[in-house]
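Worksheet for the structure shown next.
Since every read-out is calculated from the coordinates, none of them should be taken as a lab result. Everything quoted here is computed from the prediction, not taken from an experiment. Every residue, glycine as well, gets a Cβ built from its backbone with ideal geometry; the counts of neighbours run over all protein chains shown.
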Amino acid sequence: MDSHGRYRRETFSASLEQLSDGVVAVLVSGEVDQLTVPGLRPVMSEAVEAAARMVLVDMSRVSFLSSAGLAALVEASNHAQESAVRLALVAGNHAVTRAMTVTGLDSMIPMHPSRAAALDAANAEIDSVHPVDH
């Protein structure tokens, strides 16, 4: 609420960041709901198209995640699977982890507390599939 007792909507934003070769991050902040999802969908689609190996959706700065936002994550996950790209979520806050856990989507989309943890998990998975000979 603002100083006059009115509800103030947190500014939504979604942008892309190239993290490393083949890994693209989608940085999301603010409220993800029916009004803001139309701004999220094209960014998620672009990320999947740009990534060779992984899309990391960083929702650590999301303050609210509605069913419309959850649906957008499922769509992005399906698109990633069709494109043979791994999708993972940085969900370092209660708003995101609760919504994902209550709906059971945490079993569909891997969640991690930080970017580093998500990248470590992705690298460990790649190493187990393609072991390096020493």
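With respect to the chain, whose longest principal axis is taken over its alpha-carbon atoms, helix 67-82 is tilted by about 20°. Going by neighbour counts of Cβ atoms within 10 Å, the residues Asp120, Asp58, Asp33 line up, fewest first, as Asp120, Asp33, Asp58. Select one label from [x] 12, 35, 29, 16, 7, 1; [y] 13, 44, 30, 9, 3, 1, 0; [z] 12, 26, 16, 12, 9, 7, 6, 6, 4, 1: the one whose number is P(r) over Cα pairs in 10 Å bins from 0, in percent as derived from the coordinates shown. Computing P(r) over Cα pairs in 10 Å bins from 0, in percent and matching it to [x] 12, 35, 29, 16, 7, 1; [y] 13, 44, 30, 9, 3, 1, 0; [z] 12, 26, 16, 12, 9, 7, 6, 6, 4, 1 gives [y]. Between the Cα long axis of helix 37-50 and the first principal axis of the chain there is an angle of about 10°, rounded to the nearest 10. Shown in residue order for the range 93-100 are the 3J(HN,Hα) couplings computed by the Karplus curve 6.51 cos²θ - 1.76 cosθ + 1.60 at θ = phi - 60°: 9, 5, 4, 7, 4, 5, 4, 5 Hz (x for Gly and Pro).
Between Ala84 and Asp33, 0.36 nm times their residue separation minus their Cα-Cα distance comes to what?
Here the answer is 15.6 nm.
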